[in-house]
Amino acid sequence: MATTDFELSTVGERGQLVIPQSLRDEMGVHKGDKFMVLRKGDMLVLKKIQAPSKEEFENMIKKAHDHAKKHNLTPNDLDEAIKKARQK
């Protein structure tokens, strides 16, 4: 199926939406996969997400610690940044 083709799907009574088999096969979607659901105007966009591997997660944590150390950030600085971001 080309990227401009489409198929129809219907929302069930519990709010579930079935992704057509041809699209699941083409996109490698499997039972249990997680998706971010974004609203974009009058559209819903599904973005398949994957948790990072243990190694990737450890690398992210190391980069965060290195960044905090380089900029002399404290745990209180992090708490304040989280509060500020949640206000938006």
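The values are calculated or read from the model by the stated rules, or taken from the named source; none is laboratory data. Not measured: the values here are computed from a predicted model. Here the Cβ positions follow ideal geometry from the backbone for every residue, glycine too, while neighbour counts run over all protein chains shown.
Residue by residue through segment 45-61, note down the ones that are closer than 20 Å to GLY15 by Cβ and surrounded by 10 or more Cβ atoms within 10 Å (Cβ to Cβ). Across segment 45-61, the qualifying residues are VAL45, LEU46, LYS48.
Here ALA2 meets the list (1) more than 30 Å from LEU78 (Cα to Cα); (2) within 19 Å of the chain's Cα centre (by Cα); (3) at pLDDT below 90 almost entirely, failing just condition (2). The residues listed here are ALA68, ALA81; of these, the one that is more than 28 Å from THR10 (Cα to Cα) and in contact with a Leu (Cβ under 8 Å, 6 or more places away or on another chain) is ALA68.
Within segment 62-88, the set of residues being surrounded by 11 or more Cβ atoms within 10 Å (Cβ to Cβ) and not acidic (Asp, Glu) comprises ALA64, HIS65, ALA68, LEU73, LEU78, ALA81.
Of the numbered criteria (1) at pLDDT 90 or above; (2) within 16 Å of the chain's Cα centre (by Cα), the one ALA51 fails is (1).
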